[in-house]
Amino acid sequence: MNYIRSYFISFIVLISSIGTVNWFIDPFGMYWSPVMTGVNEIKPEAGTRSRISKAYQVDKVAPQILIVGNSRVEMGLDPNSKIFAGKRVYNQGMPGAHLIMQVDYAIDAIENNHSIEHVIMGVDFLDFLVNSQQLNSEHQQQNETIRARYQFRLSTLDASASEYSYQGLKEKLAMIFSLDALTASIQTLSKQNATTSSISALGFNSADSYKTIMQTEGIKPLFNQKLNEISARLNSDLVIKTQKDSPYSPKFSHLGRLISTASQHNIKLTLFINPYHYSYLHTLADKGQWQNFMLWKQLVQQYIASQNSSIALWDFSGFNEVINEAVPLDKPKSYMQWFWEPAHYKRELGERMLATLLLDKNDIKFGQRLTETSLAEATNQEARALNNTSSQWQKLKNQLSLAQ
Amino acid sequence: MLFNSAEFIFLFLPISLLLFFTAAKRWGNEAAITSLVACSLFFYGWWNPSYLLLLLASMAFNYHVGKRLGNNNNKNLLILGITVNLAAIAYFKYAGFIVFNINALTGAEWDLGNIILPLAISFFTFQQIAYLVDSYRGITKEYSFLHYALFVAFFPQLIAGPIVHHKDMLPQFSQTKRYQLNHHNIKIGLTIFAIGLFKKTVLADGIAVYANPIFSAADAGQSVDFFSAWGGTLAYTFQLYFDFSGYSDMAIGIARLFGIILPLNFYSPYKAANISEFWRRWHITLSHFLRDYLYIALGGNRSGKVKRYTNLAITMLLGGLWHGAGWNFIIWGALHGSYLMLNLAWQAIKAQYHIALNPGKIYVFFAWLLTFLAVIVGWVFFRAVSLDGALTILQGMLGLNGISVPNAILSRLGEAGNLLQTWGVTPSHGGAVFVKTWLWNITLLAFVLTLPNVQDLFAKEQGTLSNYSQVNDNTFWPTWSKSKTITWSSTTRWAAFSGACLALGILTLSQVSEFLYFQF
């Protein structure tokens, strides 16, 4: 009997020790244990699980302002910005999250947190593109399947209360009692002195991993990777305007769900188009998507106006000195002022955007509010700017050895 | 129900054990067998209750045919019995494949709909074919359907083997001591189960994430470079071994909790230094089945060299087809048939020309390396879904798709990195995945070459029905003299070690995955 007793004691001791370590280190950023500098302050693994942690964390924070979007807003808009002036803010931006997921998470947060007064959402052109296949019912079913992977976390997504709480409990337990979590805890401990990305308790991604990449590899691979990735994504028959009886693709209806929910709860909704580095915009143009991009801006503006005319739509994607920032390829280990790479902007640029979005100051001179009138003007201006920056783009392409 | 699931470990297994021993104590051995059969049928039905009917029908048919064959060794009845079994497996497993090929050849558009492969059909069908042949030969007899049902459906071995023989199993259940709770068996069972669970969930599932994306990319038509192809193929090589051998260990451990000793299914196959040795050590119960009921039935090596080589080729081709209804499995079988024939020819040449090669360490190492490479190439066809996918991986392994090294590593290599680039090495992304892939591969290679297996650890305790003990003939086992000193004993250290294996295995339950052999 001694053997069997020792067997189970060893089992229980190891399970509880690992559970305690994982709870304390909290590698996935659930912030359920005290934060200690040098032990668990930096959470490099949290970024890979933010779709899990952000479904639960938002309820704990009970924010007054909710930031919604993908990794761009997660890295760009800091909930601790002074511009928020004492408001509780949660950044629910999630890397790679498609529009449906962003909206589902946001609606769930709104339904569960009556504290929310203002939702700020960054929208992206690529999220609205569809191909012909995506319009048929099969794709709708696929979307449902994708949704099923996270709907158990969101109590408002048809999941029964018991299923929601059971699955949620199971998921939270896995963040403590799992080998994954232990591996993540060890990595968390070993990287406390490293420069690496970490998700804060308010959902902000420090994006510090970019610094490490630039110190070791330089900025060139970062630009190469992102621009090639965008090119690859745009390699099919993607369109914006797809339905004969409606100018809007089915993607817009998800934006409509958020508008409607915000309206029902008297929540102020502010939408903005993320800034893109000029190399991103030129890649769109090279792939034949420039007309679609401009059409998309117009459709988003029209759609929002048709749903609720009081909702502001800001555009930060227009060419200007920020967007045209030079890539320091001659000093590859020095940082850019506003961008990490073509798609992701820095906190510093996020500050300027927040100033525009929240303070609406005229002297900011970054971004403009889109209206029917301003759009007509912007379309021509952007076309000219695209043309004017083409030699700059050609030079950059040569330096990056990108395909012509 | 999966062995690596919370419901199995924390509910089904303890309840089954409790029922079995309580029934035996209170109502006798037959009641205990009844409870075990009921638990086994529940275990099978958990997956898909409708296929329980198929299992029951198959058991009823084979029981009656076997009983008649035992009384009257009628060859026609044996042929009928085997034909019915093969027809069932042909319909469920191969009908789609056959129709696909007929359509491809004739341009027809036949459609059989979606035939779902019943769980474990290959295992319980082969087991029962062996029973029919053994009954016909007078090796075994069964008079009780309940006992027969236990032989077929005994849940530790039902889903993925080891393939057991009636003559090995039923006599064990006729011994009264099996029905009494035995601490020694519990200790051994718990320990072997924990080791198996660790192998399956921590090692096999741990490395699977580095194999799957590479094969998916190749099957999707993407190019796979040198290091990715090797990294992914090696990862699959270890995933498959630890998955299946871990499963077999779990089965052996669970059966031992009930006092039953199962046959050995794996005996360190990746230590083999020739391909015959590999097959003596890989999926041993299937190899024995194919040898005894197919190769020997075809004539074996009794009718001259040409017939012997032909029989070997047929056996391996059918062995390949047994694993799955697809051309890649047939190619895999053909490859191994060729390897075995080459090995036979080499042995014959050595004997004829009196070539005496010194079996020193270097010779053994290269013999092992050649064997291991041959096995790895075989696994490419085994794992890839399409022929093109397999060929893409092989091209990558030959360096025909270029060589890429993550930029993060090239940058850190400094001048050496620049030199590599001038030689044509291209930078890529994913430095962390690259490093983890190779760390896993190197660690698991060290494991399979140096550590003793469950059979060696428990040889003194009759861990399985095999008598193997630290056999190192025809193997590359660099740590043999040290490894053979490691054997299980009833000490606190072993208890703590195996309890820790169980804990680490349990900690992966939130990532429950299927066993690779479920669909065979």
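The values are calculated or read from the model by the stated rules, or taken from the named source; none is laboratory data. Owing to the predicted nature of the structure, the values given are computational and were not obtained by experimental measurement. All Cβ positions, glycine included, derive from the backbone under ideal geometry; neighbour counts span all protein chains shown. SASA here: full protein model, heavy atoms, side chains in, ligands and nucleic acids out. Shrake-Rupley method; radii C 1.70, N 1.55, O 1.52, S 1.80 Å.
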| message | Let me spell it out: the conditions are (1) in a loop (DSSP other than H, G, I, E, B); (2) without any contact (Cβ under 8 Å) to a residue 24 or more places away in the chain, and A:ILE4 meets all of them except one. Which number is the exception? | response | (1)
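Quick one: in the stretch A:65-86, which of the residues that are part of a loop (DSSP other than H, G, I, E, B) and closer than 28 Å to A:TYR276 by Cα is modelled with the lowest pLDDT?
Looking only at the stretch A:65-86, we keep the residues that are part of a loop (DSSP other than H, G, I, E, B), and these are A:69-70, A:77-81, A:85-86.
Among the residues that remain, those that are also closer than 28 Å to A:TYR276 by Cα are: A:69-70, A:77-81, A:85.
Working: A:GLY69: 96, A:ASN70: 93, A:LEU77: 97, A:ASP78: 96, A:PRO79: 96, A:ASN80: 95, A:SER81: 94, A:ALA85: 87.
Among them, the one singled out is A:ALA85.
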| message | Looking at (1) away from every other protein chain (no Cβ under 14 Å); (2) open to solvent by 60 Å² or more (accessible area, probe 1.4 Å); (3) among the polar types (S, T, N, Q), which one does A:ASN91 not meet, given that it meets all the others? | response | (2)
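What are the residues in the stretch A:39-80 that are of a type in the set (Val, Ile, Thr) and touching a strand residue (DSSP E or B) at 6+ places or on another chain (Cβ under 8 Å), if any?
Result: A:VAL58, A:VAL61, A:ILE65, A:ILE67, A:VAL68, A:VAL73.
Condition (residue is outside any helix (DSSP H, G or I) and either under 30 Å from A:VAL89 (Cα atoms) or of a type in the set (Asp, Glu) (or both)) applied to the stretch A:378-390: is it met by at least one residue?
Filtering the stretch A:378-390 down to residues outside any helix (DSSP H, G or I) leaves A:389.
From what's left, either under 30 Å from A:VAL89 (Cα atoms) or of a type in the set (Asp, Glu) (or both): none.
No, the stretch A:378-390 contains no residue that is outside any helix (DSSP H, G or I) and either under 30 Å from A:VAL89 (Cα atoms) or of a type in the set (Asp, Glu) (or both).
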| task | Those residues that are without any contact (Cβ under 8 Å) to a residue 24 or more places away in the chain and within 25 Å of A:PRO328 (Cα to Cα), I need them from the stretch A:370-387; list them, please. | result | A:ARG384, A:ASN387
| request: Pull up the stretch B:439-476, narrow it to residues that are open to solvent by 60 Å² or more (accessible area, probe 1.4 Å) and among the aromatic types (Phe, Trp, Tyr), then point me to the one that is nearest to B:LEU234 (Cα to Cα). | output: B:TRP440
| When the residues of the stretch A:308-339 are filtered to those that are within 19 Å of A:TRP393 (Cβ to Cβ) and among the β-branched types (Val, Ile, Thr), which remaining residue is most open to solvent (accessible area, probe 1.4 Å)? | A:VAL327
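Here is a yes/no grid of residues against (1) small (Gly, Ala, Ser); (2) under 23 Å from B:PRO452 (Cβ atoms); (3) within 14 Å of chain A (Cβ to nearest Cβ):
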| residue | (1), (2), (3) |
| --- | --- |
| B:PHE193 | no, yes, yes |
| B:ILE214 | no, no, no |
| B:THR233 | no, no, no |
| B:GLY246 | yes, yes, no |
| B:ALA251 | yes, yes, no |
| B:ILE254 | no, yes, no |
| B:ILE261 | no, yes, no |
| task | Look at the stretch B:477-495 and say how many of its residues are surrounded by 14 or more Cβ atoms within 10 Å (Cβ to Cβ) and within 8 Å of chain A (Cβ to nearest Cβ). | result | 4
| Quick check, is B:THR125 away from chain A (no Cβ under 14 Å), out of contact with any Leu (no Cβ under 7 Å at 6 or more places or on another chain) and part of a helix (DSSP H, G or I)? | yes
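Please pick out the residue among B:ALA120, B:ALA130 that is within 19 Å of the chain's Cα centre (by Cα), open to solvent by less than 60 Å² (accessible area, probe 1.4 Å), at positive phi and not polar (S, T, N, Q).
When all the criteria are applied, what remains is B:ALA120.
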| Selection status of B:ILE252, within 19 Å of B:LEU457 (Cα to Cα) and modelled with pLDDT of 95 or more | yes
| request: Report those helices (runs of 4 or more DSSP H) wholly inside the stretch B:385-461 carrying at least 1 residues which are within 14 Å of another protein chain (Cβ to nearest Cβ) and touching a Pro at 6+ places or on another chain (Cβ under 9 Å). | output: B:407-412, B:415-422, B:431-450
| request: Provide a single number: the residues in the stretch A:11-59 that are within 14 Å of chain B (Cβ to nearest Cβ), of a type in the set (Gly, Ala, Ser) and open to solvent by less than 20 Å² (accessible area, probe 1.4 Å). | output: 1
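I'd like the full set of residues that are surrounded by fewer than 24 Cβ atoms within 10 Å (Cβ to Cβ) and part of a helix (DSSP H, G or I), limited to the stretch B:216-230.
First, the residues of the stretch B:216-230 that are surrounded by fewer than 24 Cβ atoms within 10 Å (Cβ to Cβ): B:216-217, B:219-223, B:225-227, B:230.
Once the filter is applied, which keeps residues that are surrounded by fewer than 24 Cβ atoms within 10 Å (Cβ to Cβ) and part of a helix (DSSP H, G or I), the stretch B:216-230 yields B:SER216, B:ALA217, B:ASP219, B:PHE226, B:PHE227, B:TRP230.
Which of the helices (runs of 4 or more DSSP H) found entirely inside the stretch A:212-307 contain at least 2 residues meeting this: charged (D, E, K, R), open to solvent by 20 Å² or more (accessible area, probe 1.4 Å) and within 14 Å of another protein chain (Cβ to nearest Cβ)? Walk me through how you get there before you give the answer.
On the way: elements: A:219-233, A:251-264, A:278-286, A:290-307.
Helices (runs of 4 or more DSSP H) meeting the threshold: A:219-233.
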| note | Of the listed residues (B:VAL448, B:VAL433), the one being within 19 Å of B:ASP225 (Cα to Cα) and either touching a residue at least 60 places away in the same chain (Cβ under 8 Å) or among the hydroxyl-bearing types (Ser, Thr, Tyr) (or both) is B:VAL433
| note | The residue from B:VAL375, B:VAL435, B:VAL385 that alone is open to solvent by less than 30 Å² (accessible area, probe 1.4 Å) and among the hydrophobic types (A, V, I, L, M, F, W, C) is B:VAL375
| Candidate set: the stretch A:163-207, residues that are among the polar types (S, T, N, Q), within 12 Å of another protein chain (Cβ to nearest Cβ) and part of a loop (DSSP other than H, G, I, E, B); chosen: the one least open to solvent (accessible area, probe 1.4 Å) | A:SER178
| request: Determine whether the stretch B:196-209 contains at least one residue that is within 14 Å of chain A (Cβ to nearest Cβ), under 30 Å from B:ARG26 (Cβ atoms) and either touching a His at 6+ places or on another chain (Cβ under 9 Å) or in a helix (DSSP H, G or I) (or both). | output: no
| What residue, of B:SER510, B:SER498, is closer than 26 Å to B:ALA208 by Cα, at the interface with another protein chain (Cβ under 9 Å from one of its Cβ atoms), open to solvent by 20 Å² or more (accessible area, probe 1.4 Å) and assigned to a helix (DSSP H, G or I)? | B:SER510
| said: For the stretch B:152-188, which positions are over 25 Å from B:LEU119 (Cα atoms) and crowded, with 20+ Cβ neighbours inside 10 Å? | reply: B:TYR179, B:ASN185, B:LYS187, B:ILE188
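Restricting attention to helices (runs of 4 or more DSSP H) lying wholly within the stretch B:4-87, give those where 1 or more residues are acidic (Asp, Glu), over 28 Å from the mean Cα position of the chain (by Cα) and modelled with pLDDT under 95.
Numbers: elements: B:13-27, B:29-45, B:50-71.
In the stretch B:4-87, B:29-45 are the helices (runs of 4 or more DSSP H) which contain 1 or more residues that are acidic (Asp, Glu), over 28 Å from the mean Cα position of the chain (by Cα) and modelled with pLDDT under 95.
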| Here is a list of conditions, (1) in a helix (DSSP H, G or I); (2) of a type outside the set (S, T, N, Q); (3) under 10 Å from the mean Cα position of the chain (by Cα); (4) more than 24 Å from A:HIS114 (Cβ to Cβ), and A:PRO95 meets all of them except one; can you say which number that is? | (1)
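Take B:LYS75 and tell me if it is among the charged types (D, E, K, R) and touching a helix residue (DSSP H, G or I) at 6+ places or on another chain (Cβ under 7 Å). Break it down stepwise before answering.
Working: among the charged types (D, E, K, R): yes; touching a helix residue (DSSP H, G or I) at 6+ places or on another chain (Cβ under 7 Å): no.
Taking the combined requirement at face value, the residue does not satisfy it.
Kindly indicate the residue of the stretch B:137-191 that is small (Gly, Ala, Ser) and under 28 Å from the mean Cα position of the chain (by Cα) and also nearest to the other protein chains (Cβ to nearest Cβ) among those meeting that condition.
Step one: filter the stretch B:137-191 for residues small (Gly, Ala, Ser), giving B:138, B:144, B:149, B:153, B:160-161, B:174, B:189.
Adding the requirement that they be under 28 Å from the mean Cα position of the chain (by Cα) leaves B:149, B:153, B:160-161, B:189.
Working: B:ALA149: 31, B:ALA153: 28, B:ALA160: 23, B:GLY161: 26, B:GLY189: 10 Å.
Ranking the qualifying residues of the stretch B:137-191, first place goes to B:GLY189.
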